[in-house]
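*Asks:* Please find one structure pasted underneath; my questions will follow.
The values are calculated or read from the model by the stated rules, or taken from the named source; none is laboratory data. What you see is a predicted model; the values in this text were computed from it and never measured. Cβ coordinates were reconstructed from backbone atoms using ideal geometry, including for glycine residues, and neighbour counts include every protein chain displayed. When the accessible area is computed, the model is the full protein with side chains, heavy atoms only, and any ligands, DNA or RNA have been set aside. Shrake-Rupley method; radii C 1.70, N 1.55, O 1.52, S 1.80 Å.
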Amino acid sequence: GVMGSAAQIASAYQSLTEDFTVYVFDPRTELPDKYDVAEMAENTAEVLKALGLEHACIMGASMGGMTAMEIAVRHPELAEKLVLASTALNMGEAQFQTIDNWIALAKSGDAEALYLAFGEAVYPKEIFEQSRDALKAAAGTVTEDDLKRFVILAESMRGFDIIDDLDKIECPVLAVNDKDDHVLGAGAVDTMESYMSQRKGCEFYMYEGYGHALYDTAPDFKDRMLEFFRR
C-alpha cells in the first residue's frame, strides 16, 4: 500500500503540487479471488467520481498504466490527459513470463526471493545492488495475506488487451518506455511504440538504461510529465 511510503511519495511528486493536487491510489482493500484490470479501472473511476474529480490528468505506471487506459476508454469524461509509464497494450504469455515467476515465488511463500526477483527485474543493475539489503528487510515484513493479495493483483493483468479499444481514448497521451524493460520485454515495448507514435494526439518517448521503474529512476521523468500536463 502507498500509505507506508506516503512521505517518500509526497516528496517525489512535490514538483507537481504548484500546479496540481496529486492523488495516489491503491487497489481496493478487499479483493475478490479473481480480479482484472477492467474491474480495477471501474473501482478507481468510482473513487475519482466520489472525490468530485473531473477532467483529471492521470499518470499510470505498469499495471496502473493499463488501469489508466481502461478508465480513458470507459469513462472518457474523467481523463483530460494520460501519461503511461512502463506499461503495455496487451499481455500475452510472452509478456507475462517475468510476472509468472513472481507469482510462483509468492505462492511458494518465499517473500525474500520474490522481493529480490522483483527488484532485479524492475531496477537497473546498480540500483538493484544498492537496494538488495533494503529489499531483504522489506521482505521480512510480508504476511501470508500480503502474498495472496500480490498473486491476485499480478494475475489481474493476465490476458489484458486494449489494442482494439485504443480509438476510444479521446484525450492526449504521453507514453514512455525503456529499452531495458526486463518486466514487459522488448515485444511489449515495441508494440507500445508502434501504436502510440502513429496515433494523433499521442507522443512516445523511449528511455534507455533506467529499467521498468523509469518513473522512479529517470531523473527527468517527472519534469517531462509536468510539461505535458501543463500544455
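*Asks:* Could you give the spread of the C-alpha atoms of region 119-189 along their three principal axes, from largest to smallest, in whole angstroms?
*Replies:* So the three principal-axis extents are 45, 31, 22 Å.
*Asks:* What are the residues whose amide H is under 5 Å from the amide H of C57, where those residues sit 5 or more places off or on another chain and H is modelled from the backbone?
*Replies:* Excluding prolines and chain starts, which carry no amide H, the hits are E80, K81.
*Asks:* Please state, rounded to one decimal and in Å, the Kirkwood hydrodynamic radius that region 28-74 gives when every pair of distinct Cα atoms enters the mean of 1/r.
*Replies:* 11.1
*Asks:* Residue-wise, which Karplus ³J(HN,Hα) couplings in Hz belong to region 144-161, taking 6.51 cos²θ - 1.76 cosθ + 1.60, θ = phi - 60°, and x for glycine or proline?
*Replies:* Using θ = phi - 60°, the values come out as 4, 5, 4, 5, 4, 5, 4, 4, 4, 5, 5, 5, 4, 8, 4, x, 4, 7 Hz.
*Asks:* Pop out the carbon and sulfur fraction of the accessible area of region 33-126 as a percent, whole number, probe 1.4 Å.
*Replies:* Summing carbon and sulfur atoms, their accessible area is 48 percent of the total for region 33-126.
*Asks:* Okay, moving on. Which residue fluctuates the most in the chain, going by a Gaussian network model with Cα springs under 10 Å, if the choices are G64, G211, G92?
*Replies:* G92
*Asks:* Around A12, under 9 Å between beta carbons, what's the net of Lys plus Arg minus Asp minus Glu among the other residues?
*Replies:* 0
*Asks:* Next up: Return, for the Cα atoms of region 67-108, the radius of gyration and Dmax in Å, separated by a comma.
*Replies:* For region 67-108, the Cα-based Rg and Dmax read 14.4, 43 Å.
*Asks:* So with the 1.4 Å probe, I'd like the accessible area per residue for the chain, rounded to whole Å².
*Replies:* 52
*Asks:* If eta is 1.567 mPa s and T is 4 °C, what Stokes-Einstein diffusion coefficient results for region 154-231, Kirkwood Rh from Cα pairs, in µm²/s?
*Replies:* Numbers: Rh = 13.7 Å.
Estimated via Stokes-Einstein, D reaches 95 µm²/s.
*Asks:* Local charge sum around L53 (other residues, Cβ-Cβ under 13 Å, Lys/Arg +1, Asp/Glu -1)?
*Replies:* Overall, the nearby charge balance is -3.
*Asks:* Taking every DSSP beta bridge that has both residues in the chain, what percent is antiparallel when rounded to the nearest 5?
*Replies:* 5
*Asks:* If you don't mind, there's one more thing I want to ask. Which cross-chain or sequence-distant (5 or more) residues have an amide H under 5 Å from the amide H of A88, H modelled 1.01 Å from N in plane?
*Replies:* Answer set, sorted by chain and number: M66.
*Asks:* Here's something else I'd like to know. Check which residues have an amide H placed less than 5 Å from Y205's amide H, if you skip close sequence neighbours.
*Replies:* Close amide H contacts, sequence-distant or interchain: A175, V176, N177.
*Asks:* Among the GluC sites (Glu not before Pro) within region 65-130, which fall in a DSSP loop and have no more than 16 other Cβ atoms within 10 Å of their own Cβ?
*Replies:* Values: sites: E70, E77, E80, E93, E112, E120, E126, E129; in loops: E93.
Sites meeting the loop and neighbour criteria: E93.
*Asks:* What are the ³J(HN,Hα) values, in whole Hz, obtained from phi via the Karplus relation 6.51 cos²θ - 1.76 cosθ + 1.60 with θ = phi - 60°, for each residue of region 75-89 in sequence order, with x given for Gly and Pro?
*Replies:* Couplings: 9, x, 5, 8, 10, 7, 8, 10, 10, 10, 10, 6, 10, 9, 7 Hz.
*Asks:* Further question on the same structure: Give me the net charge for the shell around Q130: Cβ to Cβ below 15 angstrom, other residues only, Lys and Arg +1, Asp and Glu -1.
*Replies:* That works out to -2.
*Asks:* From the C-alpha gyration tensor of region 50-191, pull out the three semi-axes of the equivalent ellipsoid (sqrt of 5λ each), sorted largest to smallest, in whole Å. Walk me through the intermediate numbers first.
*Replies:* Working: eigenvalues 168, 58, 46 Å².
Semi-axes (√(5λ), whole Å): 29, 17, 15.
*Asks:* If you don't mind, there's one more thing I want to ask. Treating only the Cβ of Lys, Arg, Asp and Glu as charged (+1, +1, -1, -1), what charge dipole size does the chain show about its Cα centre? Round to the nearest 20 debye.
*Replies:* Result for the chain is approximately 240 debye, rounded to the nearest 20.
*Asks:* Let me ask something else. Given springs between every Cα pair under 10 Å in a Gaussian network model of the chain, which of S197, S108, S11 has the largest fluctuation?
*Replies:* S11
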